[in-house]
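What follows is a set of notes on a single structure, which appears directly below.
The values are calculated or read from the model by the stated rules, or taken from the named source; none is laboratory data. What you see is a predicted model, and the numbers here were worked out from it, not measured in a lab. Using ideal geometry, Cβ is built from the backbone for each residue, glycine included, and neighbour counts are taken over all protein chains shown. Just so you know, the surface numbers come from the protein's heavy atoms only, side chains and all, with ligands and any DNA or RNA stripped out. Shrake-Rupley method; radii C 1.70, N 1.55, O 1.52, S 1.80 Å.
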Amino acid sequence: MKHLFSFLFLGWVLGMATPTRGQQPEPQRVSVSLQQAHFAELVREIEAQVPYRFFFNPAAVDSVVVTVRAQQQPLPEVLRQALQNTPLRFAIDAQNRIYVTRGVTIQTELPDSFFQPEPANALASSPDPADPVPATSRAGSTSAFKLYEIGTGSATGKATLAGHVREAKTGEPVVGATVYVEALNAGTSTDQFGFFSLTLPVGRHEVKIRGIGFKNTRRQVLLRGDGKLDIETEEDITTLREVVIEAEKDRNVASLQMGVERLDVKTMRQVPTAFGETDVLRVVLTLPGVKSVGEGNTGLNVRGGATDQNLILFNDATIYNPSHLFGFFSAFNPDVIKSVELYKSAIPAKYGGRLSSVLDITTRDGNKKKFSGSGGIGPLTSRLTLEGPLVKDKSSFLVGGRSSYSDWILHLLPNESFRQSSASFYDVSAHLSHEFNEKNTVYATGYLSTDKFRLASDTAYKYLNQNASLKWRHTFNNKLYGVLTGALSRYQYDITSQRDASVASELTYQIKQYNAQADFSYLPNAKHTVDFGVSSVLYHVSPGGLTPVGSESLIKTDVLPREQGLESALYLSDRIDVSPRLSVAVGLRYSLYNALGPREVYRYVPGQSKTLNTLTDTVAYGPGRVLATYHGPEYRFSARYSLTAVSSVKASFNRTRQYIHMLSNTTAMSPTDIWKLSDANVRPQVGDQYSVGYYHNFRANTIEASVETYYKSTKDFVDYKGGATLILNRHIETDIVNAVGKAYGVEVMLRKLTGKINGWVSYTYSRSLVQVNQGTPADQVNGGEYYPSNFDKPHDFTLIGNYRFSRRISSSLNFTYSTGRPITLPLAKYYMGSATRVYYSERNAYRVPDYYRADFALNLEGNHKVKKLAHGSWTFGVYNLTGRKNPYSVYFKSVGGQIRGYQLSIFGQPIPTVTYNFKF
Amino acid sequence: MRTLWILMQRWLIGILLLLGVNSCVEPYAPEVTTAANNYLVVSGFINGNGSTAIRLSRSVQLAAPATFPAEARAIVTVESLRGQRYPLPETDTAGLYRSVRRLALPPNEQYRLHIRTAGGREYASDYTLLKHTPALDRFEGQIQANGLQIYVSAHDEQAQTRYYRWEYEETWAFTSAHWSRWRFSKGTPQRRTYFPRKEDIYHCWRTEPSTTVITTSTVRLSQDAVRDYRLLFIPAFSGRLQSLYSLRVRQYALSAEEFDYWEAVKKNTENIGTLFDPLPSQVQGNVHSLTDPDEPVLGFVGATTEVSQRLFINRHSLPPDWHSRNEGYETCTETSSITHDSIRGLNMYEEFADTTYRVPINEIRTRTGDIIGFSYQSTACVDCRLRGTNKKPSFWP
């Protein structure tokens, strides 16, 4: 086996070798006599006589024959003689190792000039004399062995090294890469712009860069003063070490952040889905602590929170309806997405406005070096993404589109009502980035998604998300940079009904949001990372309008007055590395909300249930007048204490406030849900979460284990009185009640990141309870006792497993189990109005059957030639492998006077899918 | 909104079918074995201008047979806020309480129902203002491509009504599959007598009440007018349209609370539990126990007047290509016959002994006119009284 080292590994060995120039002992003498002998015989002869060992690639020496005759001659002389007429070259190092290579001689020592500092330009691409791997290296600019001199000072003390990590091929920033100096146990990770800043003692360091999707690399740095080091990384094309969930190897234990999950798009592609489409939200749903009321629904319930308590950001613009087709698809094109981060606890002070979580979706930046594209063809949709440079290395664009073709299928159907129907959706994302200079970069993103349905030519339904964001990033100096963001979000729907001419009407709803925020990061020294900023959001809500359609319509125009609100916040947070073992992050966000006129505000008898009977007064407020103000601090705290190098304990507390509420009295998140702003009668929601976790890595950080527990309490979130009317209700406060919630749980997760088999297993036990207990019995639910929320599913088990057969064939198997969701069941029947009717149980007193599903997918990649026109891959999947009939919904119907229960399973059988993806 | 979601789900299921995904609906019967839940059920309304009838019964478990015990021997009274009392004595039907004569209650007054059960427990509904129901403007059927659409229209110029509820009762004439002209009387297996049948069990009438909650409101309309409300649709092939069909509609004005109550009942009973439907709720009526405030009482007692109208639709006024199916008799296509031949050992008297199994239809005679046998069919195919009544309703022309 000793001969099996290949060139490439040699290069690595050499990089580690200690220079021993001038200390070489007198070469030993050998006697060899061979005539047209195999090279291996030479090796045997020499190794038998002297304590030297040969290293070579057997394939390279396979057919080589040697002739040598020597008596007690120095070893190098013998070798020179033996190999003179062969293509083989040799080199001997100080450790008595003989390297035999074909064509090229290995340098066993570093050149004299190697430690002579070179002017600091990390991106210099001069051929590296120490690089033992000729020509085959694609990493011309990744000079892992060169010494870079940073800064000009010569003082002792500390200096800050900052810069960007980018992909060499596309110039895109690398997010979440770890940049660290192992010897000092100092490190940081790159932010969303690929930016890092690391304060180190002046002197020589080896800076390592590690992350997912590129080859790990390092830089030799001689730090003299503050300076810049940009690092280009080489894409890991073979995906040999691709892992399931992005994480730095020791991130689980060493990072301060807890309750955060980061997924990259490669991970998401591996998870099988019902229609073969890579689906961001569906993968997020496999993470511990994230649930939904049922399949075919993308409303996320994070740690017992409601679906409206998640801030979904698409390049910093808020998305109100993240789904297509009633929630069967998420409305994000996987080809433009770079990564998704979900904060379940310890939400950074930068984010606010929602109680439970932040789902931060970022797009890629587009290829800055060359024009390229990618796309896919699936059973229901197709997509295409194009990207390329506008100014090479400076600016790039990325445009992705996705569209359904179900309309075309519908029209082929024999059924007339289907033929008169239409259904379609599409989404488009566009992203531009431009680097004006080293210090200024601008990013612009646009997003549009639309769903349209027309049913049997009389009811048309449409919803639409429009978002735009503009970001300007300015680096003041190595220690301070700022990002100025402006964003616009709009969500609207309209329903047109024309079945009866006398009641033909159109119902519309719209919410608009304007954001402006400035965020700064200040890195004064190695112990502190300070973030601060200010933000403001202006909301415009048109809560509903009903207008007649056609001249015969008797519908009277009913447009609810527009609601307005302004939410502003200031924040400051500091991450303090108290000692190598203890890190603390403290933050404070102070938010202020003003409900603004013009508006008519109803006043009710204090202490009474709000009904039309208790309405006492109407107060009119003029335009821009403040009709209600709410404000309060939001504390953010987290701490990490390392117990050992591979284990740590973390704790966090955060308070969040939410001034916008989704009104929906259906179990699932549906596109007709409306968002309501806090006002004089609807208070903001406030939530506190305490979380503690233990983290342990096994087997050289390849297996991560974590246990997190949390307790959450929320107050003033919205619940409904029985049979509440939410649409076109001018006094919605009479139909809603303020509820108190508590949620707690334990999340256990075991992840294996590398190897042929990788994936994760998680188990969650959690409860989510609601209490509606206000003054009057009419406003109470279940007599004022705590009851399970709609998404209280105590047990949840998920297994995501991937097995790679070869570089081109890989497979995934998913398994998921959860307790059935709560349901209100009929208890008794009675006879009234000539029919048998039903008396229901208390709210959510029972549960639907447990949920269980297994999926399988097989990915076939095309060949891995780097240069070819297009790279294609096929994905074959089977969703719901066992064909379990999981209830999509359970309902009771009165059929001919009899009450019968039914269970509808939409995916009640194995569903095979095929998708073709390409990249050029 | 609900119908929209139903349509959308249907569409979705269609799409899934195209993709080879068969969604399936299966019965779901959870083991809800709860404690005894025989809550008092109060059904009926205080009729301001007619006879007030209140039915008291008890609820049963879902799994129990659909027989609802009557609450008998209770003392039921209509009370006005000013203290006027109108007793409703129990009728011959247990659990049904009715005013002896028609009550003409003074308008602009609030009324409630008071109940004292035989067990000594007391219940009362909330006081509610007597509403006046406006007249029906139009009540007629309209022929459409595949059936008959019945419309109802009403309005209130004072715009005081706003909330409407309807109940209807359908009556139609029908015939069984075969006209039986004979019947066998009792006797021995060797000899029993047969007579020409006098009672017509071929022509019958069937009456069915509406089972759904039909309400509408004009609150969002500029006028308090209901135009062409789709009350009922009768498919062209329906057995109801085989000769003469009659529909009686009863219209009630509702208070806002009662309207909300019926809406909630409607939401709860007709389609519940799909993800996009509103959550079912414990519907609270306006009847409360005075003895134990925590005891659930089911039902809503409103105070209003009743307006009713009857409509007849003759087969001759309908398109001739509408072929109504004789519902319930689809399988009764052919008859069999039995002849009596003692030499060959065929004994028709024995065969016709069980009158519920075979009913004679027509006689079989020899050339000389002697009756030697009968054609026959099962009772279900012959006796229309199993599906209706052969007593002509009083209102029938």
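Annotations
- Residue mean of other protein chain beta carbons inside 10 Å, A:836-848: 5
- The orientation-averaged projected area of the convex hull spanned by the Cα atoms of the protein assembly as shown comes to 69.8 nm².
- Counting only residues at least eight positions apart within a chain, or on another chain, the lysines with an alpha carbon under 21 Å from that of A:K369 are A:K169, A:K215, A:K338, A:K392, A:K394, A:K439, A:K865, A:K867, A:K868, A:K919.
- Calculated FRET value between A:A620 and B:R85, using beta carbons and R₀ = 56 Å, to 0.05: 0.70
- Note on A:S33 and B:D354: their simple-model spin labels are 11.9 nm apart, each label 7 Å out from Cα toward Cβ.
- Per-residue mean of C-beta atoms belonging to partner chains within 10 Å, peptide A:494-501: 2
- On Cα atoms only, tilt of B:256-270 relative to the major axis of chain B in degrees: 40 degrees
- Using a cutoff of 8 angstrom between alpha carbon atoms and counting only pairs six or more residues apart, the relative contact order for chain B works out to 18 percent.
- Rel. contact order, % - alpha carbon contacts under 8 angstrom, at least six apart, region A:705-814: 23 percent
- Cβ crowding within 10 Å averaged over residues, with A:313-323, A:703-713, A:94-104 ranked highest first: A:313-323, A:703-713, A:94-104
- Positive-end extreme of charge dipole, the protein assembly as shown - chosen from A:T485, A:S583, A:S356 (charges on Cβ): A:S583
- Peptide A:819-827 has a mean of 4 when you count, residue by residue, the C-beta atoms of other protein chains within 10 Å of its C-beta.
- Applying 1/(1 + (r/R0)^6) with R0 = 56 Å to the Cβ-Cβ distance of B:T175 and A:T725 gives a FRET efficiency near 0.70.
- Per-residue ³J(HN,Hα) for region A:900-916, Karplus 6.51 cos²θ - 1.76 cosθ + 1.60, θ = phi - 60°, Hz, x for Gly and Pro: 10, x, 10, 10, 9, 10, 7, 9, x, 8, x, 10, x, 9, 10, 10, 10
- Protein accessible surface hidden between B and A, which excludes ligands and nucleic acids, total in Å², probe 1.4 Å: 7300 Å²
- Residue-wise HN-Hα coupling along region A:390-395, computed from phi with Karplus coefficients 6.51, -1.76, 1.60 (Hz; x: Gly, Pro): 9, 10, 4, 6, 10, 9
- Taking amide H atoms as placed 1.01 Å from N in the peptide plane, the amide H of A:R625 lies under 5 Å from those of A:G597, each 5 or more residues away in sequence or on another chain.
- Förster radius 45 Å - calculated FRET efficiency between A:R102 and A:N437 (Cβ-Cβ, nearest 0.05): 0.45
- Using a probe radius of 1.4 angstrom, the carbon and sulfur fraction of the accessible surface of region B:279-360 is 47%.
- Listed residues A:G176, A:N681, A:A518: farthest to the positive end of the dipole of the protein assembly as shown (Cβ charges): A:G176
- The residues of chain B expose on average 50 square angstrom of accessible surface per residue, using a 1.4 Å probe on protein heavy atoms.
- For chain B, the dipole from Cβ point charges (+1 on Lys and Arg, -1 on Asp and Glu) about the Cα centre works out to 1280 debye, to the nearest 20.
- The distance between label points at A:A516 and B:L346 comes to 10.4 nm (points 7 Å beyond Cα on the Cα→Cβ vector).
- Simple spin-label estimate for B:T366 and A:Y590 in nanometres, 7 Å along Cα-Cβ: 11.8 nm
- Per the Debye calculation on region A:527-630 with a single equal scatterer at every Cα and no solvent contribution, log₁₀ I(q)/I(0) for q = 0.12, 0.15, 0.19, 0.24 Å⁻¹ amounts to -0.69, -0.84, -1.03, -1.19.
- Between the residues A:L860, A:S189, A:S330, the greatest Cα displacement towards the positive end of the dipole of the protein assembly as shown, with unit charges on the Cβ of Lys, Arg, Asp and Glu, is found for A:L860.
- Cut-off under 5 Å, modelled amide H: who pairs with A:R166 long-range: A:V174, A:I231, A:E232, A:T233
- Other-chain or far-sequence residues with amide H under 5 Å of A:Y604's (modelled H): A:T616
- Extension gain from A:F698 to A:H795, taking 0.36 nm per residue of separation minus the Cα-Cα distance: 32.3 nm
- About its Cα centre, the protein assembly as shown has a charge dipole of approximately 1140 debye under the convention of +1 per Lys or Arg Cβ and -1 per Asp or Glu Cβ, with nothing else charged.
- Phi-based couplings in Hz for region B:144-151 (Karplus 6.51, -1.76, 1.60; Gly and Pro marked x): 10, 4, 10, x, 10, 9, 9, 10
- The protein assembly as shown - share of DSSP beta bridges that are antiparallel (%, nearest 5): 95 percent
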